[in-house]
Every structure is written in structure tokens, then in C-alpha cells.
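Right, one structure below, let's go through it.
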Amino acid sequence: MKIFDSHCHLDDHSFEPDFRDMMQRAAAAKVLRMLTVGIDRGTSERAVALANTHPGLYASVGIHPHDARSCTTETLDHLQSLASDPNVVAWGETGLDFNRMYSPKRDQERWFIRQLEVAETLDLPLIIHERDSRGRLLELLGVNPGTRRSAVVHCFSGTAAELARYLEMGFYIGITGIVTVSKRGESLRRMVPSIPADRLLVETDAPYLTPTPQRNKFRRNEPAFVRGVLLKVAEVRREDPQTLAQQIWSNTCRLFRIDASGT
């Protein structure tokens, strides 16, 4: 079994004391590749540095909607320069988050649209964050079409109608540890069987969203725990975990244009 954690934040300070041990635990769980995701200038720089230091680790660069208020044209120019690194395989995490409103809607929308344009220019797949935008993100995607856009909807937690729209756009769907949580994951578990097998990705969002049962023992999520996400998805879909793991590995490598062979 080979597993690809398609979304984590390994530059987080919580990983500093035991980074090497954390990577060894991931390997023991057959999590052989990971994508560490940038959310602003500093985290994007650190993500690229980590990807250049550790085999099997890839990076993305981008501005999270929480950080949109501090984004500038110069920031995006710098991230575009970072994106020339061969280990940068995606743009994001970008999108809209109208839940906590760390940045005003106007700033979120302005810089999301600009990042759609940059990703199109660079021909990089997008990592999309959406929370409580009530259809606005889909609206912006519709009025700002890309001729070669590919994307994963990170930590999908939307409605069945929104899922259908994303699938119509050809997007992949990222499933996190929420699927393992009894009450919070109930709606997601109902929708998971309807996602085509070739559009599924699994992710931790580490150090956040620790899955069950690990969340009963550990506050910090880590890539090794994505194995439990995959097993829960296989259970809900009534599929063989080994077969599903191979499919999701292929999906992730296809989206991020990484050779699927080897480790």
C-alpha cells in the first residue's frame, strides 16, 4: 500500500521537536508522499525549503483567504518566483472563508481572483479552500473561467449540490479526518460514496483535524494518520482498502503531475 497525504502543513512549529520521528512514522504507515501547503509568504518559503530537503515531500505556494488582507502584488510576484522550483506542484491554498472573517470579503475575493489568474498563467493545479461562502466561490469560478484549470477542493465539507458542481468542473475532492468523526462527519460520509473513484484524494491538514481514534490521544495531527482516513473512506464506500489506496495514489499524482511509479 502507498498513500499520498495531499494536504498538510509540515512547516508548523509543532513539528520542529520531532520532525524526523514524524517522517519515520509516516513511512511506517506507508504514507510515502506528502504535499506541504503554503498559506502566505513565509509558510510558502518554508514549504519549498522542506520539499527541497526531504525526498517524497512536495510543496505548494499561495495566499489563504485568512491572509488576504495583507496580500500585495509584490507578494504574488515573489510566490510566482518560488513556484519555478520543480518541487512546487500546486498553487494554494486559496479561496474564500466567510466563517471567521480574518480578512474582509472584498480582500478575499480580489486576491482569490488574482490567484486564479496566476495559477492559469503558470499552469498549476489549484488547492481551493471554501468555508461558508454560500455559493460565492462557485460564482467567482464561473465568471473567471480557466481554459486549463484543474483543482482539488481541500477538506470538502459542502452540500451535495456543491459537490455536484465541483465534479462538473472536473475538480478533485479532498477528504480529511472529518469523515471519521461521528457527528461532524455524518453528512460527509453520506456523500463520499457518490464521489467518482478517480476524483478522490485523502489528506490530513496536519497539524489540524486529527481523525478518530487518534484525536482521543493526540492533539496534533500528522501525515501517518491519513492512513485512517483512507481506511474509513474505503469502509464507507465498501471497497477494498488496497485497491482504493492505489486509485487515490494515482489520482493525486495525476493532479499534481508527479510520476506515480516508485516511492
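Near residue 169, no amide H atom lies under 5 Å from its own; only residues 5 or more places off or on other chains count, and H is placed 1.01 Å from N. Just the C-alpha atoms of the range 3-256: what Rg/Rh do they give, with Rh taken as the Kirkwood radius? Ratio of gyration radius to Kirkwood radius for the range 3-256: 0.94.
DSSP beta bridges fully contained in the range 3-256 are about 0 percent antiparallel. When 194, 187 are arranged by Cβ crowding within 10 Å, least crowded first, meaning fewest neighbours, the order is 194, 187. Selection among 23, 59, 191 by position relative to the dipole of the chain gives 191 as farthest towards the positive end (Cβ unit charges, Cα centre). Placing dummy labels 7 Å off each Cα toward the beta-carbon, the span from residue 242 to residue 168 is 4.0 nm. If R0 equals 25 Å, the separation of the Cβ atoms of residue 259 and residue 197 corresponds to a calculated FRET efficiency of about 0.75. Derived scalar couplings between HN and Hα for the range 54-61 equal 10, x, x, 10, 10, 9, 10, 10 Hz in order, rounded to whole Hz, by the Karplus curve 6.51 cos²θ - 1.76 cosθ + 1.60 (θ = phi - 60°), x for Gly and Pro.
Membrane-span-like helices in the chain, defined here as complete DSSP H runs extending at least 15 Å along the helix axis by their C-alpha atoms with mean Kyte-Doolittle hydropathy no lower than -0.5, are 41-51, 226-237, 241-256; this is a sequence and geometry rule, not a statement about a membrane.
Consider a paramagnetic label point 7 Å from the Cα of residue 69 along Cα→Cβ; state which residues of the range 77-116 have an amide N under 14 Å from it. Answer for the range 77-116: 97-109. In a simple Cβ point-charge model (Lys, Arg +1; Asp, Glu -1; nothing else charged), the range 38-128 has a dipole of about 300 debye relative to its Cα centre. Under a model in which nothing but the beta-carbon of Lys, Arg (+1) and Asp, Glu (-1) is charged, the range 3-256 shows a dipole of about 860 debye around its Cα centre. With contacts taken as Cα pairs under 8 Å at a separation of at least 6 residues, the range 47-117 carries a relative contact order of 37 percent. Here is the list for the range 56-127: trypsin sites (Lys or Arg not before Pro) lying in DSSP coil, each with at most 16 other C-beta atoms within 10 angstrom of its C-beta, are 100. Taking the average, over residues, of other Cβ atoms within 10 Å as the packing measure, peptides 231-240, 35-44, 206-215 rank 35-44, 206-215, 231-240 from highest down.
Structural descriptor for the range 193-251: relative contact order 40 percent, calculated from alpha carbon pairs under 8 angstrom and at least 6 residues apart.
Across the chain, Cα pairs under 8 Å and at least six residues apart give a relative contact order of 20 percent.
Here, each number is a calculation from the coordinates, and none is a lab measurement. Keep in mind the model is a prediction, meaning the values are calculated, not measured. Neighbour counts are summed over all protein chains in view; Cβ atoms, including those assigned to glycine, are modelled from backbone coordinates with ideal geometry.
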